[in-house]
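Asker: Submitted below is the structure of interest, expressed as C-alpha cells.
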Amino acid sequence: MGCGKSVRRQSCAEMDAKNIMFFSSATQSSRFFSNAALFIYSVVVFVGFTVFTSSSAQASSFSPANPSVNEGIGRHGVEQSHSAIFKRRDKISVAVAANFAKPLKSIAEQFTELTGIDVAVTVSSSGTLYAQIQHGASFDVFLSADRARPQALVDNNLVHESNIVDYAKGKLVFIHAGDLPYEESCKQGKEPYTADAKSQLSAKLIECLSLQLSKLLENPQIKIAIANPKLAPYGIAAQQTLQNLGLSQRVVPHRVMGKNVLQTLQFYTTGSVQGAFVANSLALDLPSNLPFDVARADSTKSADATTVIIPVSDTLYRPIIQSLVVNSKTAARFSPNLFDTTILVDEAMDKDERTASKPFNLSHADGVPSASLFVQYVLSQSVQHSLNDWGYESVNLFGAGQ
C-alpha cells in the first residue's frame with residue numbers, strides 16, 4: 001500500500017528509516033567480515049593451514065608464476081560460460097596439499113565462473129588432511145601431494161575404489177641464500193629432449209647440489225628446512241634426496257622441519273633458515289621483499305646474497321605423483337569429461353570429417369555431481385596443459401575419459 005495518506009505517513013517514514021539503518025548496518029558488517037577474513041587468512045597461513053572460497057567476482061590473492069597461464073584459463077572459462085544455459089547454485093568443499101594451493105586457487109575461481117558452483121578450499125599438509133578425512137571431515141574432494149593417502153582411504157573402505165585419479169607430477173628443488181660459487185650449467189632451465197642429454201643433466205645437477213650442500217654444512221650456524229616427512233610427501237622426497245647424497249646425518253644438526261612445504265618456504269623467506277627443500281611450483285614465484293637481498297637464480301649476480309634455485313634430479317627421490325580422490329562411497333563420474341567433448345564441424349563432409357571443441361554447456365551436466373564435475377575440470381585438457389607453467393608435469397594430457 002502507498003504512503004500517500006496522512007494517517008500512514010509517520011509509520012512509512014519510520015519504516016524507511018529502519019530500512020536505511022539496516023542497509024547501513026549490513027554494509028558495515030560486510031566490511032567488518034571482509035577485514036576479519038583478511039586477518040584470519042594471514043594468521044592461518046602462518047600456522048600452515050588455510051581456507052578460502054572461490055568466486056568469479058573475488059579478487060585472487062594468488063597469481064600464477066606465468067601470468068599468461070591465468071589469462072589462458074580465464075579466456076577458456078569466460079568463453080565457455082556464455083554457452084551455459086544456466087549456472088548451478090551449489091557449493092563444494094575441496095582439501096588440497098599446500099604445494100598445489102596456488103594453481104588450485106586459480107582453477108577453482110575459473111570453475112566457479114564457468115559453472116556457478118562455489119569451491120571452499122582448505123589448505124594444509126597431505127597428512128593432516130588425510131587424518132581429518134579419517135575422522136569424518138566432510139571434504140568433497142581431496143587433492144593430495146602423493147598417491148598413498150588417497151589409496152589408503154580406499155583401502156580403509158572410506159571412499160569408492162574408482163574415485164582416485166592422478167592429476168599432476170611434482171618436482172623438488174633446493175633453494176639457498178648466499179654467495180657460494182654457482183655454475184651456469186646448474187641453473188634451472190628447460191629439460192633436454194634426448195635420453196643422453198637428460199642423463200648428463202641429471203649427473204650435473206647431482207654434483208651441483210652435493211657441492212652446495214656440503215659447503216653450506218661447513219658452517220655450524222646454517223639452518224636448512226624440509227617439510228615433515230611424516231606429513232608431507234615433499235618432505236619424504238627431501239629426506240630421500242639427502243639419504244642418496246649421503247648427507248642425511250650431516251644435515252640433522254642443521255635441520256628445521258615445517259608442517260608442509262608452504263611453512264618450509266616461509267622459514268626461508270623470513271630469514272629463519274638459509275636453505276630449504278621445497279616444491280618447484282613455490283620456488284618459481286619467490287617474493288622480492290625478503291629480509292636479505294634476494295634475486296632469482298637467473299638474475300645478475302652482485303656482492304649481495306642471492307637466492308640460488310637448484311633443481312633436484314628426479315633420480316634422487318621417488319616420483320611425486322599427486323593424486324586426488326572424491327570423498328564418497330558412491331562411484332564418481334569422471335568420464336566422459338564434459339569439458340573436453342568434441343563435435344563434428346561439418347557432418348556433410350564424409351571423407352574429411354573434422355572435429356572441434358564443443359563449448360561446455362552446464363545443461364549437459366544434469367545428474368553429474370558437482371564434485372565429479374570439478375574433478376573433470378581439473379583433468380581437462382586446458383588445465384592439464386597449463387600445469388607446466390605452474391612448475392608441474394601433466395599426468396593426464398588428454399583429460400579424463402578421453
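We did not get these values from a lab; they are worked out from the coordinates using the rules stated. Predicted, not measured: the structure shown is a model, and the values here were computed from it. No Cβ is skipped: glycine too gets one built from the backbone with ideal geometry, and neighbour counts run over all protein chains shown.
Asker: Going by how many other beta carbons lie within 10 Å of each one, how would you line up Val251, Val96, Val368, Val308, fewest first? Working shown, then result.
Answerer: Values: Val251 20, Val96 28, Val368 16, Val308 23.
Ordered by Cβ neighbours within 10 Å, fewest first: Val368, Val251, Val308, Val96.
Asker: Within 10 Å of each residue's Cβ, count the other Cβ atoms and sort Ile133, Ile226 from fewest upward.
Answerer: Values: Ile133 21, Ile226 29.
The fewest-first ordering by Cβ neighbours comes to Ile133, Ile226.
Asker: With Kirkwood's inverse mean 1/r over C-alpha pairs for Rh, give me the Rg to Rh ratio of the range 238-289, two decimals please.
Answerer: Working: Rg = 11.7 Å, Rh = 11.9 Å.
Dividing the radius of gyration by the Kirkwood radius yields 0.98.
Asker: Right, next: Between Ser272 and Asn244, what is the label-point separation in nm under the 7 Å Cα-to-beta-carbon projection?
Answerer: A separation of 2.8 nm, rounded to one decimal place.
Asker: Let me ask something additional. Residues with amide H under 5 Å of Thr53's amide H, sequence separation 5 or more or different chain, H placed in the peptide plane at 1.01 Å from N; which?
Answerer: Correct list: Val121.
Asker: Something else: So which of Lys102/Lys329; Lys230/Lys259; Lys171/Lys198; Lys102/Lys171 end up more than 18 Å apart, counting from Cα to Cα? Write down the numbers at each step before the final one.
Answerer: Values: Lys102/Lys329 29 Å; Lys230/Lys259 9 Å; Lys171/Lys198 15 Å; Lys102/Lys171 15 Å.
From Lys102/Lys329; Lys230/Lys259; Lys171/Lys198; Lys102/Lys171, over 18 Å: Lys102/Lys329.
Asker: Next up: Quick one: Ser162, Ser93, fewest Cβ neighbours within 10 Å first, how do they rank?
Answerer: Numbers: Ser162 13, Ser93 19.
Going from sparsest to densest Cβ surroundings: Ser162, Ser93.
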